[in-house]
1. For residues that are among the small types (Gly, Ala, Ser) and not in a strand (DSSP E or B), scanning just region 84-99, find the one that is modelled with the lowest pLDDT.
2. When you go through (1) closer than 21 Å to Gln75 by Cα; (2) modelled with pLDDT of 95 or more; (3) among the hydroxyl-bearing types (Ser, Thr, Tyr) one by one for Ser130, which number turns out not to apply?
3. Within region 156-170, is even one residue in contact (Cβ under 8 Å) with a residue 24 or more places away in the chain, crowded, with 16+ Cβ neighbours inside 10 Å, assigned by TED's automatic domain parsing to the domain that holds Cys200 and among the polar types (S, T, N, Q)?
4. What number of residues within region 171-192 are surrounded by fewer than 17 Cβ atoms within 10 Å (Cβ to Cβ) and closer than 26 Å to Ser130 by Cα?
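The values are calculated or read from the model by the stated rules, or taken from the named source; none is laboratory data. Owing to the predicted nature of the structure, the values given are computational and were not obtained by experimental measurement. Ideal geometry is used to build each Cβ from the backbone, glycine not excepted, and the neighbour counts take in all protein chains shown.
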Amino acid sequence: MTPLSSTSSRAFCFVASLTDIIYSASPMRFAQRKQDGFSMVELVIAIFIIGIISAVAMSRMLEGDIFNASVVRDQIISLARSTQQQALGRSDVALILRPNGDSLELLTVEDFVNVTTFTELQSATIDIRSVELAGDVNVATSCGATPGTNAIANATPMVIQFNELGDLFRGGVVGSVGYPITASTAMRICVNDNPLNSVCVSPAGFAFAGDCQ
């Protein structure tokens, strides 16, 4: 096998040293090793290892973005259902969705007066990088056909309020026209305006994924 020149990239030095250790511990050794370069076997091993490292590094870079929309959808549904259950027999129970930078704060509260006056029952925080949220009340069309009207932001969180029977009561995005709006049809939360990742809360207070229709 023809050795490569000693000017080969120093990035392979560590891998070459590791290869020496592996071969020295193995019963199969090189009969002779030239000191002025790397063998083709070592080069192939180095490329293989670097490929694995690159793939792992890339997946770590992307993992916070690829599945965030689905995770956000599932967490909202989970907290909405939990809030509905806790509303039974109580008054003024609500779920507040409040973005804060790259995170979304989900608050289940009682004694709800407004988004700053309440008693917290439970909370969760999730990553919303690469995710945009918008909410509507009494809009049942698909988020794909009719994008969300009111952006959910830190200064304009969304409130989903339930009555003592667990039915959807009122709410919407703070600051939107008519807020708080009595819910007669449904509430929807558009996640990236993608129907598959969006959330609907029915008049009965049940939260589920997809279109309200």
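1. The first filter runs over region 84-99 and keeps only residues among the small types (Gly, Ala, Ser), leaving 87, 89, 91, 94.
Then keep just the ones that are not in a strand (DSSP E or B); that gives 87, 89, 91.
On the way: Ala87: 97, Gly89: 94, Ser91: 85.
If we take residues in region 84-99 being among the small types (Gly, Ala, Ser) and not in a strand (DSSP E or B), then Ser91 is modelled with the lowest pLDDT.
2. The single condition Ser130 does not satisfy is (2).
3. yes
4. Going through region 171-192 one residue at a time, the tally reaches 1.
Results for (1) farther than 22 Å from Phe169 by Cβ; (2) in the same structural domain as Gly171 (by TED's automatic domain parsing); (3) crowded, with 17+ Cβ neighbours inside 10 Å, shown as yes or no for each residue.
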{"site": "Arg98", "(1), (2), (3)": "no, yes, yes"}
{"site": "Ser103", "(1), (2), (3)": "yes, yes, no"}
{"site": "Val109", "(1), (2), (3)": "no, yes, yes"}
{"site": "Phe118", "(1), (2), (3)": "no, yes, yes"}
{"site": "Val131", "(1), (2), (3)": "yes, yes, yes"}
{"site": "Gly135", "(1), (2), (3)": "no, yes, yes"}
{"site": "Cys143", "(1), (2), (3)": "yes, yes, yes"}
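A quick yes/no check of all residues on (1) closer than 15 Å to Thr83 by Cα; (2) charged (D, E, K, R); (3) out of contact with any Lys or Arg (no Cβ under 6 Å at 6 or more places or on another chain):
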position	(1), (2), (3)
Asp102	no, yes, no
Asn138	no, no, yes
Cys143	no, no, yes
Phe206	yes, no, yes
